[in-house]
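Presented below is the structure to which this report refers.
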Amino acid sequence: MSLESAALARVKPSATLAADAKARELRAQGKDVIGLAAGEPDFDTPDNIKEAAIKAIRDGKTKYTNVDGIPELKEAICAKFARENGLAYKPSQVNVSPGGKPVIWNALLATLNPGDEVIVPTPYWVSYWDIVLLAGGAPVAVATSADTGFKVRPADLERAITPKTKWIILNSPSNPSGAAYTRAELRALADVLLKHPHVWILTDDMYEHLVFGDFEFTTIAQVEPALYDRTLTMNGVSKAYAMTGWRIGYAAGPEPLIKAMAKVMSQTTSNPSSISQWAAVEALNGPQDFIKPNARLFEQRRDLVVSMLNQANGIHCPTPEGAFYVYPSCQDLIGRTAPSGKVIGSDADFAVELLEAEGVAVVFGAAFGLSPHFRISYATSNAALEEACQRIQRFCANVK
């Protein structure tokens, strides 16, 4: 009898975490490795947020809290949605979880029955697919491509919807592609979803503040208010506030869904860290003036990486609208021979050979459901990015 459950056997470990762990392991062995796998800002958490956490500790705010968030944080989240997205929510419509990933897990576990379908446009963040499987649902891929800007087209969405469809997951700006939907593009998707009232929408807006140039971020319930009652609008403090390790994600949606998610939490994680919650209150209510300068730094890094990758033989790298990722194609290198003498048969092979030959850790595209590509996180210093891209150029030049 296997120890592993049938549910766990349906899923794979996170490829992004595995790639980052491999880079750390090689570094610990003394090898010169540049890790471009982890989706984590290299900026430090702002001092005012740290001080709020320290004050919470000193004030004894270290006990259990309400399962899905303290009232003060829920009020701050409601204020954020009103201020930045034009969305009106009550605290009873807000869920706070220990990270963005648990928000998704709580929502899907609370709502999916065996055979329920969840539409997941590709490329997708690695965890969407496996969370659906773990929760007993059936993920349904809708392919995009560089030609469509890695964004799902309305006609493709229409074809994917069936009577069994329970959710669609939208992610803008996207991890892994950095693609972001314009208001007009969301409007076109909303027109399709209005025709299918049984389909719920989970919109992952975690990278909301990391958009570049004159791009204007919008979220689907903002674009089409008629979808408000079946949309879970998700966000968090990890990316914009450089708080990945604090583990605070949040979402707002219809009260019955929020209550169901809290019920799941009551038997799994219980409340997020009380200290992290008070830090998140300060993050949302405190100064926001560092966000745009940080986004401009990411934009400069994006431009550097896109330019250098497009100078590498066999690599084509589109220019994304946001987040801190690029999703280049390595199609022209498939079937060719790496410096080691091994044939590059897939994007996974490409990632392995690049790591072994040049010490650059990236995540292969199959992990995100769309090959042959690879993901680079440019949430690191310009010096590290330049060196990594030079190594990639050298590797590609030596592929025969």
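In segment 260-364, which helices (runs of 4 or more DSSP H) lie fully inside it and hold 3 or more residues that are basic (Lys, Arg) and modelled with pLDDT of 95 or more? Lay out the reasoning, then the answer.
On the way: elements: 274-285, 291-309, 347-358.
Qualifying helices (runs of 4 or more DSSP H): 291-309.
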When residues of segment 128-177 are limited to those that are within 22 Å of residue 195 (Cα to Cα) and touching a His at 6+ places or on another chain (Cβ under 8 Å), the one most open to solvent (accessible area, probe 1.4 Å): 163
Condition check for residue 23: within 30 Å of residue 356 (Cα to Cα), in a loop (DSSP other than H, G, I, E, B), touching a strand residue (DSSP E or B) at 6+ places or on another chain (Cβ under 7 Å) and touching a residue at least 40 places away in the same chain (Cβ under 8 Å): no
In segment 218-241, residue nearest to residue 201 (Cα to Cα) [restricted to those that are surrounded by fewer than 24 Cβ atoms within 10 Å (Cβ to Cβ) and out of contact with any helix residue (DSSP H, G or I) (no Cβ under 8 Å at 6 or more places or on another chain)]: 230
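Examine segment 110-117 for a residue that is in a loop (DSSP other than H, G, I, E, B) and among the hydrophobic types (A, V, I, L, M, F, W, C), and state whether such a residue exists.
Quick first cut of segment 110-117, residues in a loop (DSSP other than H, G, I, E, B) only: 112-116.
Now restrict to residues that are among the hydrophobic types (A, V, I, L, M, F, W, C): 112.
Looking through segment 110-117, at least one residue is in a loop (DSSP other than H, G, I, E, B) and among the hydrophobic types (A, V, I, L, M, F, W, C).
Listed here are the residues, each with its yes/no results for (1) without any contact (Cβ under 8 Å) to a residue 40 or more places away in the chain; (2) assigned to a loop (DSSP other than H, G, I, E, B).
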residue	(1), (2)
38	no, yes
43	no, yes
48	no, no
53	no, no
60	yes, yes
63	no, yes
73	no, no
77	no, no
Those residues of segment 225-247 which are more than 22 Å from residue 128 (Cβ to Cβ), of a type in the set (A, V, I, L, M, F, W, C) and assigned to a loop (DSSP other than H, G, I, E, B), in sequence order: 242
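Filter segment 82-101 for residues that are in a helix (DSSP H, G or I) and in contact with a helix residue (DSSP H, G or I) (Cβ under 8 Å, 6 or more places away or on another chain); which is least open to solvent (accessible area, probe 1.4 Å)?
Narrowing segment 82-101 to residues in a helix (DSSP H, G or I): 82-85, 91-93, 100-101.
Going one step further and asking which of them are in contact with a helix residue (DSSP H, G or I) (Cβ under 8 Å, 6 or more places away or on another chain), we end up with 85, 91-93, 101.
Values: 85: 3, 91: 46, 92: 51, 93: 19, 101: 72 Å².
Looking at the filtered set, the residue picked out is 85.
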Whichever residue in segment 129-160 is among the β-branched types (Val, Ile, Thr) and in contact with an Asp or Glu (Cβ under 6 Å, 6 or more places away or on another chain) and, among such residues, is nearest to residue 178 (Cα to Cα): 142
Residue list for segment 263-289, filter: open to solvent by 40 Å² or more (accessible area, probe 1.4 Å) and either among the charged types (D, E, K, R) or closer than 17 Å to residue 43 by Cα (or both): 263, 282, 287, 288, 289
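The values are calculated or read from the model by the stated rules, or taken from the named source; none is laboratory data. These figures come from a predicted structure and were not determined experimentally. All Cβ positions, even for glycine, are placed from backbone atoms using ideal geometry, and neighbour counts span all protein chains on display. Each accessible area value is taken on the protein alone, full model and side chains, heavy atoms only, with ligands, DNA and RNA left out. Shrake-Rupley method; radii C 1.70, N 1.55, O 1.52, S 1.80 Å.
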